[in-house]
Amino acid sequence: MKRNHLYTILGVAAILLFIVVADKNFDPFVLRVFNLSAIYIVLALSLNLLNGFTGLFSLGHAGFMAIGAYVTALLTMTPAQKDMNFFLAPIVPWLHDITLPFLPALLIAGIVAAIAGALIGAPVLRLRDDYLAIATLGFAEIIRVVLTNTQTITNGALGLKGLPKYATTYWVWGVAAASVIFMVFLIRSSYGRAIKAVRDDEIAAEAMGINVFRVKLSSFTASSFMAGVGGALLGHVLTTIDPKMFTFLLTFNILLIVVLGGNGSITGSVIAAIGVTVLMELLRFLDGPMNLLVVKTDGLPGLRMVIFSIMLMAVVIYRQRGLMGNREFSWQMLSFRRFLPRGKAGGA
Amino acid sequence: MLRTDNVTMRFGGLTAVDEFTVKVNKNEIVGLIGPNGAGKTTAFNMITGVYTPTKGRIYFEESDITDLKPHSITERGIARTFQNIRLFKEMTVFENVLLACHLRIRAGLFEATLHLPGYLRRDKAAREFAWNLLEAVGLEGAAQELATSLPYGKQRRLEIARALATRPKMLLLDEPAAGMNPQESRDLMEFIVKVRDEYDLTILLIEHHMQVVMGICTRMYVLDYGLTIAHGTPAQIRNDPKVIEAYLGVD
């Protein structure tokens, strides 16, 4: 038990050190990939809260991310930047002069996304399984279409450019850490048990006095909040957003991470988020021209997505429960596999 | 304690339960028996709010619970078990019982996640209570095992423990002895009486085989094709020609 605490402290210290070193020494491109993985951790956890823990098959994540990204962008850009962006039609006056620091903007982005989540969730959470998936997918598309057509608020299809580069390494990894801690505390709490009960058996959960609809709605709202914050961070890392970013493909990428990592595993989502984000960049050469001795291609954009699709199929066929299943990392797990000396069994 | 007033449940053209009127007094054990498909479980589902009756009202402690959702009915103090065991498969035995305490912990998402002191205190009390319940049903040794890895008879006991964790005033047991051999059934019936005395409960239980419950029920209701064909003490039921006909089939 004590030894496990020591390992945990050492582990956290090592991660902190790595982040500091990375921030100082990585070249900008590598650092960006590193930071993107933190954002994908936040997004994967928020989707896993729905798909893995609550058992709600939702495909609307891109919509909530879009809301978060736009809200924070509009709140942090200076009036001058807004004037530069809105050259087709001027921005509505009440948004023109607002400029907030990053933290309040980030929180407001999450809250607006959460409100949207609650409003959408109230009707659609009465649906189940694939019907719910279609309904959430539909709502995400509606959000995107609205964003494309509200020229004076979002600048429409032109998108927003020149977002302040607030999302530093410390910000994104700080938010990622906060998300992991939130999820761990939530899942271990009584409410977390209620969430898992709703996933396992709704009828039995109801009979145990759990308000199934309320549990689903809170989970959906919390997940939307995290998606909004994740979207906001994404905007500030890329510094450019437009409605086309937030299509179903983005939701698919996050879903891929959740399924690969394991539905209902926080550890799995974290590992898969980093793995997929890094692979996404490493495999970029596949999209470009290749010379494979026999076959010569002059660039097949999207080829790396084929690799991910194959990975997804392999997981679905050979390891349905993903990398971690629904288990979590613990030091005990390592000692059982003999990576660490065996101590006395105790809680981790 | 519990009273139904001519409740009727129709599914399309089929009348599953017709004009069912039952009255259960405090601390009684009342049996609801009948052949397969007689509408016993449907009657349970109406009382626990899974179905809203087509007609008729249901009263618990003199207040109308007909239109309440299942979770509110559990909150009022009616807990149930299921005919086809519905334990939470991915949870341990202990977690199954602890989960059922959630209702009385009364913690919202934020209170629980932030581990506020009030929540921690109630969570600790719930853990102790859940542990006591496991000891009471003799499952403390299997507390950390997955619920579905238990043998059948113990799963039934766990379901009862889980129902007790919601701190009910009344317990509805749906065929608790299904799939048990005579000895196991007898043990279970003794256990039910013990639970009733210990937790000051009122019990309504469904059983398919009337012999099993004869010994412990104060009164019984017999359903057949949705109709209440008899009710009375076990001795009266045993000799009722209509009941014998329903069970054995008489030309």
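The values are calculated or read from the model by the stated rules, or taken from the named source; none is laboratory data. All figures in this text were calculated on a predicted structure; none of them were measured in a lab. FYI the Cβ positions are ideal-geometry reconstructions off the backbone, even for glycines, and counts take in every protein chain you see.
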Please find, within segment B:56-97, the residue that is surrounded by the most Cβ atoms within 10 Å (Cβ to Cβ) out of those that are farther than 30 Å from B:Asn25 by Cβ and without any contact (Cβ under 8 Å) to a residue 60 or more places away in the chain. B:Phe88
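Yes or no, residue by residue, for (1) within 14 Å of A:Ile153 (Cα to Cα); (2) surrounded by 18 or more Cβ atoms within 10 Å (Cβ to Cβ):
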| position | (1), (2) |
| --- | --- |
| A:Thr78 | no, no |
| A:Phe86 | yes, yes |
| A:Pro93 | yes, no |
| A:Asp97 | yes, no |
| A:Ala105 | no, yes |
| A:Leu119 | no, no |
| A:Ala122 | no, no |
Search segment B:147-173 for residues being more than 9 Å from chain A (Cβ to nearest Cβ) and in contact with a strand residue (DSSP E or B) (Cβ under 6 Å, 6 or more places away or on another chain), and hand back the single one that is farthest from B:Ile78 (Cα to Cα). B:Leu173
Do we have any residue at all in segment A:91-102 that's closer than 17 Å to A:Lys165 by Cα, in contact (Cβ under 8 Å) with a residue 12 or more places away in the chain and among the aliphatic types (A, V, I, L, M)? yes
Taking segment B:31-60, which residues are under 16 Å from the mean Cα position of the chain (by Cα) and closer than 15 Å to B:Thr228 by Cα? B:Gly31, B:Leu32, B:Ile33, B:Gly39, B:Lys40, B:Thr41, B:Thr42, B:Ala43, B:Phe44
Within segment A:268-306, which residues are under 24 Å from the mean Cα position of the chain (by Cα) and closer than 16 Å to A:Val30 by Cα? A:Ala273, A:Ile274, A:Gly275, A:Val276, A:Thr277, A:Val278, A:Leu279, A:Met280, A:Glu281, A:Leu282, A:Leu283, A:Arg284
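Consider B:Glu145 carefully, then state whether it is surrounded by fewer than 21 Cβ atoms within 10 Å (Cβ to Cβ), at pLDDT 90 or above and not assigned by TED's automatic domain parsing to the domain that holds B:Thr48. Step through it out loud before you land on a result.
Details: surrounded by fewer than 21 Cβ atoms within 10 Å (Cβ to Cβ): yes; at pLDDT 90 or above: yes; not assigned by TED's automatic domain parsing to the domain that holds B:Thr48: yes.
The answer is yes for B:Glu145.
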Given the options B:Ile85, B:Ile58, B:Ile73, name the one that is assigned to a strand (DSSP E or B) and either in contact with a strand residue (DSSP E or B) (Cβ under 6 Å, 6 or more places away or on another chain) or closer than 20 Å to A:Glu206 by Cα (or both). B:Ile58
Filtering helices (runs of 4 or more DSSP H) wholly in segment A:190-266 for at least 3 residues that are more than 8 Å from every other protein chain (Cβ to nearest Cβ) and more than 24 Å from A:Gly63 (Cα to Cα) gives none
Within the bounds of segment A:145-161, is there any residue that is at positive phi, within 9 Å of chain B (Cβ to nearest Cβ) and of a type outside the set (D, E, K, R)? no
Within the bounds of segment B:98-119, is there any residue that is modelled with pLDDT of 90 or more, part of a helix (DSSP H, G or I), surrounded by fewer than 21 Cβ atoms within 10 Å (Cβ to Cβ) and out of contact with any Phe, Trp or Tyr (no Cβ under 6 Å at 6 or more places or on another chain)? no
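Where in segment B:141-215 are the helices (runs of 4 or more DSSP H), entirely inside, with at least 3 residues that are among the aromatic types (Phe, Trp, Tyr)?
So the answer is none; nothing clears 3.
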Test: B:Glu128 is over 20 Å from the mean Cα position of the chain (by Cα), surrounded by fewer than 22 Cβ atoms within 10 Å (Cβ to Cβ), of a type outside the set (Gly, Ala, Ser) and not in a helix (DSSP H, G or I): no
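Residues are listed down the side, and each one gets a yes or a no for (1) out of contact with any Ser or Thr (no Cβ under 9 Å at 6 or more places or on another chain); (2) crowded, with 24+ Cβ neighbours inside 10 Å; (3) in contact (Cβ under 8 Å) with a residue 60 or more places away in the chain; (4) outside any helix (DSSP H, G or I):
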residue: A:Leu10; (1), (2), (3), (4): yes, no, no, no
residue: A:Leu49; (1), (2), (3), (4): no, yes, yes, no
residue: A:Gly63; (1), (2), (3), (4): no, yes, yes, no
residue: A:Ala89; (1), (2), (3), (4): no, no, yes, yes
Being more than 21 Å from A:Ala273 (Cβ to Cβ) and not in a helix (DSSP H, G or I): is that true of A:Phe57 here? no
So which of B:Glu75, B:Glu95, B:Glu28 is acidic (Asp, Glu) and more than 15 Å from the chain's Cα centre (by Cα)? B:Glu95
